[in-house]
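Below: the structure, in structure tokens.
The values are calculated or read from the model by the stated rules, or taken from the named source; none is laboratory data. All of these numbers come straight from a predicted model, not from anything done at the bench. Neighbour counts run over all protein chains shown; Cβ positions are idealised from the backbone, glycine included.
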Amino acid sequence: MFVRQMHYLVALAREKHFGRAAEACHVSQPTLSAGIRKLEQELGLPIVVRGHRFLGFTAEGERVLSWARQIAADYESLRQERAETTGTLSGTLRVGVIPAAMSAAPLLLAAFWIRHAQVRVQMHSLSSAAIQRGLDELDLDAGITYLENEPLKGVRRLDLYVERYVFVTRASEALARRRMLSWREAAAAPLCLLTPDMQNRRIIDHVLAEAGLNAPPAVETNSFMGIWSFVRQGPFSSIVPLACLRGLGDASDLVGVPLSEPVHTQPIGLVLSERDPLSPVAGALLKLTRSADLARLFQSVS
């Protein structure tokens with residue numbers, strides 16, 4: 001019952017709703033509520049702020065929640081460890097991936113699944129900040145994110161590939177016939193960029209500022225799908241990682257022109273918690289990444 005109560009708390013923190021948390025735990029809402037009340041009685045602490053709906057955790061409850069996350073994660077790792085002793089790794093590998101790497105991440109994660117076909121792989125599109133939070137709160141086993149520009153805390157890291165930037169515009173535009181563009185020339189076009197809460201946008205803003213350019217975008221969107229839609233509609237262009245453009249697939253109506261002056265690159269890498277031991281699925285991903293020919297694996301996107 002104790003481990004189940006830990007899972008109840010973790011689910012409630014994630015869902016922020018008693019009914020949805022109960023559904024995620026495959027129990028009724030009264031069962032979940034009773035389990036949390038029993039834990040409060042056993043610990044002699046108020047954990048949940050009481051009300052007609054979920055209002056949050058008490059200060060004591062937040063501390064209990066931190067332990068609950070660790071206990072739930074360790075219990076899942078123990079289950080995976082037991083399965084691994086039979087010769088087959090199982091469980092779920094949860095990986096947070098920044099939007100700029102969503103087209104590149106499957107190159108590694110598909111290779112992982114081929115080797116460990118009994119593991120279910122979950123890939124979540126998340127901001128770099130959300131990936132850090134997911135690792136800290138044990139909601140993620142790993143992340144694929146930027147390794148520089150903004151600090152990462154309490155993680156192991158491995159370089160995967162180097163992100164390069166291109167100016168994307170319609171094939172019918174005059175700039176599409178150029179072999180290279182400067183950032184100044186790119187900034188002069190009406191741009192559609194990601195919103196400022198995305199680290200990719202903050203990187204682009206930094207490069208523009210370093211070049212002495214003030215180029216606020218004409219349009220902002222929080223997805224690359226939005227960028228493709230605006231660029232195709234016109235008269236907008238964009239600055240995107242090369243991996244995103246190549247991951248778009250058949251895009252003969254769009255052209256990516258390499259950017260220079262300056263030539264800017266950004267390392268993308270795998271990050272995992274510094275906790276020891278790692279969960280078996282996270283450890284297996286780390287082992288695969290260390291043994292893979294990463295230059296060959298990611299040659300199509302870097």
Problem set entry | Residues that are over 24 Å from the mean Cα position of the chain (by Cα) and either assigned to a strand (DSSP E or B) or modelled with pLDDT under 95 (or both), drawn from the range 190-207 | LEU191
For this session: Specify the residue that is farthest from the chain's Cα centre (by Cα); the eligible residues are those in the range 217-226 that are of a type outside the set (Ser, Thr, Tyr) and more than 20 Å from ASN149 (Cβ to Cβ).
Result: ALA218
Problem set entry | the range 181-208 residues that are in contact (Cβ under 8 Å) with a residue 12 or more places away in the chain and farther than 28 Å from LEU126 by Cβ, paired with ones that are polar (S, T, N, Q) and surrounded by fewer than 22 Cβ atoms within 10 Å (Cβ to Cβ) (beta carbon under 9 Å, 6 or more apart) | LEU181/SER260; SER182/SER260; ALA187/ASN214
For this session: Determine whether the range 274-282 contains at least one residue that is free of Cβ contacts under 8 Å to residues at least 60 places away in the same chain and in a helix (DSSP H, G or I).
Result: no
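Suppose we filter ALA243, ALA292 for residues that are of a type in the set (A, V, I, L, M, F, W, C), surrounded by fewer than 19 Cβ atoms within 10 Å (Cβ to Cβ) and closer than 18 Å to LEU107 by Cβ; which single one remains?
None of the others qualify; the one that does is ALA292.
Given the residues ILE47, ILE114, ILE131, which is the only one that is surrounded by 20 or more Cβ atoms within 10 Å (Cβ to Cβ), more than 14 Å from VAL10 (Cβ to Cβ) and not assigned by TED's automatic domain parsing to the domain that holds CYS244?
Working: ILE47 fails: more than 14 Å from VAL10 (Cβ to Cβ); ILE114 fails: surrounded by 20 or more Cβ atoms within 10 Å (Cβ to Cβ).
Exactly one residue qualifies, and that residue is ILE131.
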For this session: Could you list all residues from the range 228-279 that are touching a Ser or Thr at 6+ places or on another chain (Cβ under 6 Å), modelled with pLDDT under 90 and over 28 Å from SER182 (Cβ atoms)?
Result: SER279
Exercise. Can you spot a residue in the range 90-103 that is farther than 30 Å from PRO241 by Cβ and exposed (fewer than 14 other Cβ atoms within 10 Å of the Cβ)?
Worked result: no
Exercise. For the subset of the range 260-289 comprising residues that are buried (at least 17 other Cβ atoms within 10 Å of the Cβ) and of a type in the set (Val, Ile, Thr), which member is nearest to GLN70 (Cα to Cα)?
Worked result: VAL281
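From the list GLU40, GLU23, which one is under 25 Å from ARG133 (Cβ atoms), among the charged types (D, E, K, R) and assigned by TED's automatic domain parsing to the domain that holds TRP67?
None of the other options fit; the residue is GLU23.
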Exercise. So, of the residues in the range 163-172 that are surrounded by 17 or more Cβ atoms within 10 Å (Cβ to Cβ) and either closer than 16 Å to ASN200 by Cα or not hydroxyl-bearing (Ser, Thr, Tyr) (or both), which turns out to be farthest from the chain's Cα centre (by Cα)?
Worked result: ARG170
Exercise. When you look at VAL231, is it at negative phi, touching a residue at least 40 places away in the same chain (Cβ under 8 Å), of a type in the set (Val, Ile, Thr) and in contact with a helix residue (DSSP H, G or I) (Cβ under 7 Å, 6 or more places away or on another chain), yes or no?
Worked result: no
For this session: Select from the range 14-44 the residues that are among the aliphatic types (A, V, I, L, M), surrounded by fewer than 20 Cβ atoms within 10 Å (Cβ to Cβ) and within 24 Å of the chain's Cα centre (by Cα) and list them in ascending order.
Result: ALA24
